[in-house]
Amino acid sequence: MYQRLLRKKLSRGFSSQIQTTKAFIENWKSVVGLEVHAQLLTDSKLFSGSNNVFGAPLNTAVSYLDASLPGTLPVLNRKCVELGVKTAIALGCRINETSMFDRKHYFYADLPVGYQITQQRAALANDGELMFPVIVPGKKTYYKKARLLQLQLEQDSGKSLHDEELKRSLVDLNRAGAPLIELVFAPDLETGEEAASLVKELILILKCLRSCSCKMEEGALRVDANISIHKNGEPLGVRTEIKNIGSVRSISQAITFEIQRQFGVVSKGGVITNETRAWDATTRCTVPMRDKEVLQDYRFMPEPNLPPLRLDLNTTTTSCTDILTVASIVKELPELPEDTRSNLIKKYQLNQDLAVILVNEAILLQYFLNIMEHRSDMPAKLVTNFLINDLLTFCNKANIDVEDCQLTYTHLEDILVALNTGTINLQAGRQLIEFLHQDPAQNVQSLINDRQLEQITDEKTIEKLCLQAIERNEQAVKQYKSGKKKALFAIVGEVSKLSKQRANMKVVVAYLEKILNSQ
């Protein structure tokens, strides 16, 4: 893994930075741990009635408590507790019957009260785990498990706005007090791809639970990564922390770069220092944020204005709406992503990789399920291959999200019906994607007729095309007859060219083999 990464780095001009050898790398191991902050999807904040919204005018979603006016007291939002418990259950955590709130003291301009209310000593839940698929391009998908050490409720701080021209800083308190869950994962990961895959799976789960919008561009999900390297068999090395990574792609890139940077430092006799770094997406490298870290004294103390949070772990039914029972929340759990994958594999005989890709792309999954529900005679393999290999590939080449593709469900169903009945071939199906994306008002059947995309299956026409292709490829014919069966592909390609990629290739191959083997 690291040999490939280093070669890539060297080719990009980092040869002076990284001079490690194969033997050196094999004796070392990288370790990655993640801390994730997810903003809960509630109408109001964690301890106040202010709106919990993104994009409100500056300082309009602020209560007296958020502004820390004297005499105001926090009141815990029940919905936040429910979402926190639901998330913890989905991640296999041990829910604590009693959890406590603490004050974490630090002084920033956007934290007017001078402390953050969090759960440091007795969290909402502990000891969970997340099993997730790791997708590495060009390699087989595999599963990895990461332990979830702690899941806790806490409030967010405000936001500082810096005006470079006027040389002043302003504070927006709209986000102050916003409800968060912090998920602290053990250092069980080794690569940037594993870290990105973990976050992808977590996003799928949180969206499925409707716990968080997971819009990283809005700050609804923020990821910090702790990275270190050490020799095999030795204790963990000194770690560096990358703060507030802004996208799933950046998670993989930032961690991969930082691992390579640390290998480069150590291979030249340097020492890794404990520091906080940031990811520069433009230069694609991590840059120092703060000097060498020292242990900060946050002076944690129990929050005196909030009683212990007690949950009922045993009662299955209750007539009292004031009591929050874990059993009642368990009943509300939806089908989780891994369950969906298992069901797809079992019901439609999909392989693991296809099931993983479908579940990772929510809109593709919805297309697939809708088509299979309305067209029970449609082969599942045909549908998945077209959605993943053709529609998704088109979107990637066009540099658009699948959601932004102009094709509708009706378009896709009509194309797949035409493919399944043999009216068109796969090449025509790909062309239809392009045509319909450019002009979604068009009709699939009209396009097939107007663009002459019907598949050629007429035996006489195919016979004529095959004989022309044989005449034009005498060398390939000789090679085929001498035993080089792969030479047939050259003749098949000529038929495809002559028919403007409309000929039924199965019929063409069968007919060519029949002609050539009989001569």
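Throughout, read-outs are computed from the coordinates displayed, never taken from laboratory work. What you see is a predicted model; the values in this text were computed from it and never measured. Cβ: placed from backbone, ideal geometry, glycine included. Neighbour counts: every protein chain shown.
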(message) Treating only the Cβ of Lys, Arg, Asp and Glu as charged (+1, +1, -1, -1), what charge dipole size does the chain show about its Cα centre? Round to the nearest 20 debye.
(response) 2120 debye
(request) Could you tell me how many degrees, from 0 to 90 and to the nearest 10, lie between the Cα long axis of helix 192-209 and the main elongation axis, the longest principal axis, of the Cα atoms of the chain? (result) 80 degrees
(message) Averaged across orientations, what area in nm² does the convex hull of the alpha carbons in the stretch 45-153 project?
(response) 9.9 nm²
(message) What are the ³J(HN,Hα) couplings of the stretch 225-241, residue after residue, when phi is run through the Karplus curve with 6.51, -1.76, 1.60 and θ = phi - 60°? Round to Hz, x for glycine and proline.
(response) 10, 10, 10, 8, 10, 7, 6, 4, x, 10, x, 4, x, 5, 9, 10, 10
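Which ordering of Thr276, Thr282 is given by a fewest-first count of other beta-carbon atoms within 10 Å? Intermediate results must be reported in sequence, preceding the final value.
Working: Thr276 15, Thr282 6.
Going from sparsest to densest Cβ surroundings: Thr282, Thr276.
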(message) Taking 2.2 N^0.38 Å as the expected size of a compact globular protein, what ratio does the Cα radius of gyration of the chain give against it, to two decimals?
(response) 1.23
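Where nothing but the Cβ of Lys and Arg (+1) and of Asp and Glu (-1) is charged, how large is the charge dipole of the stretch 459-518 around its Cα centre, in debye to the nearest 20?
Working: 13 positive and 6 negative charges, 34 e Å.
So the dipole magnitude of the stretch 459-518 works out to roughly 160 debye.
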(request) Note down the magnitude of the dipole of the stretch 146-202 about its Cα centre, charges +1 on Lys and Arg C-beta and -1 on Asp and Glu C-beta and zero elsewhere, to the nearest 20 debye. (result) 260 debye
(request) Of the listed pairs Lys45/Lys145; Lys144/Lys397; Lys215/Lys381; Lys140/Lys347; Lys79/Lys207, which have alpha-carbon separations greater than 27 Å here? (result) Lys45/Lys145; Lys144/Lys397; Lys215/Lys381
(message) Just to check I understand the Karplus step: with θ = phi - 60° and J = 6.51 cos²θ - 1.76 cosθ + 1.60, what whole-Hz values come out for the stretch 51-57, glycine and proline as x?
(response) 5, 9, 10, 9, x, 5, x
(message) List the residues, sorted by chain then number, that are 5 or more residues from Met301 or on another chain and whose placed amide H is less than 5 Å from its amide H.
(response) Arg103
(message) Can you find, among Leu41, Ala56, Ile371, the residue sitting farthest towards the positive end of the charge dipole of the chain, where Lys and Arg contribute +1 and Asp and Glu -1 at Cβ?
(response) Ile371
(request) Measure nothing but the geometry: give the 0 to 90° angle between the long axis through the Cα atoms of 488-498 and the longest principal axis through the Cα atoms of the chain, rounded to 10°. (result) 90 degrees
(request) Could you list His411, His37 in order of exposure, starting from the residue whose Cβ has the fewest other Cβ atoms within 10 Å? (result) His37, His411
(message) I need the phi-derived Karplus couplings for the stretch 31-48: 6.51 cos²θ - 1.76 cosθ + 1.60, θ = phi - 60°, integer Hz, Gly and Pro marked x.
(response) 9, 10, x, 10, 10, 10, 10, 10, 7, 5, 8, 10, 6, 10, 7, 5, 10, 9
(request) Scan around Ile456 for amide H atoms under 5 Å from its own, H built in the peptide plane at 1.01 Å from N, and keep only partners 5 or more places away or cross-chain. (result) Ala503, Asn504
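Which whole number in µm²/s is D for the stretch 170-268 by Stokes-Einstein, with the Kirkwood Rh taken over Cα pairs at 4 °C and 1.567 mPa s? Mind dumping the intermediate values first?
On the way: Rh = 15.2 Å.
Rounded, D is 85 µm²/s.
Given Cα pairs under 8 Å that are at least 6 residues apart, what percent is the relative contact order of the chain?
Working: 870 pairs, mean separation 67.6, N = 519.
Relative contact order, the chain: 13 percent.
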(request) Report the one residue of Gln349, Ile415, Asn389 whose Cα lies farthest in the direction of the positive end of the charge dipole of the stretch 337-450 (charges on C-beta: Lys and Arg +1, Asp and Glu -1; origin at the Cα centre). (result) Gln349
(message) Let me check against my output: what whole-number percent is the relative contact order of the stretch 459-518, with C-alpha pairs under 8 Å and at least 6 apart?
(response) 36 percent
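Provide Tyr143, Tyr115 in ascending order of the number of other Cβ atoms located within 10 Å of each residue's Cβ, fewest first. Numbers along the way, then the final one.
Details: Tyr143 12, Tyr115 19.
Ascending Cβ contact count within 10 Å gives the list Tyr143, Tyr115.
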(request) Please list the radius of gyration and Dmax for the stretch 414-466, considering alpha-carbon atoms only, with Å as the unit. (result) 12.0, 38
(request) Give the cross-link partners of Lys484 among the lysines, using a straight C-alpha distance below 19 Å as the criterion and excluding same-chain residues fewer than 8 apart. (result) Lys514
(request) Mind listing the long-range amide H neighbours of Asp156? Cut-off is under 5 Å, sequence gap 5 or more, other chains count too, H placed in the peptide plane at 1.01 Å from N. (result) Gly177, Ala178, Leu180
(request) Just tell me which aspartates and glutamates come within less than 16 Å, Cα to Cα, of Lys500; anything on the same chain fewer than 8 places away is out. (result) Asp450, Glu454, Asp458, Glu463
(message) What aspartates and glutamates does Lys481 reach when the alpha-carbon gap must be under 18 Å and sequence neighbours fewer than 8 apart in one chain are set aside?
(response) Glu471, Glu494, Glu513
(message) Nearest 500 deg cm²/dmol is fine: what mean residue ellipticity at 222 nm does the chain get from its DSSP H runs of n ≥ 4 alone, each adding -39,500 (n - 2.57), divided by its residue count?
(response) -11500 deg cm²/dmol
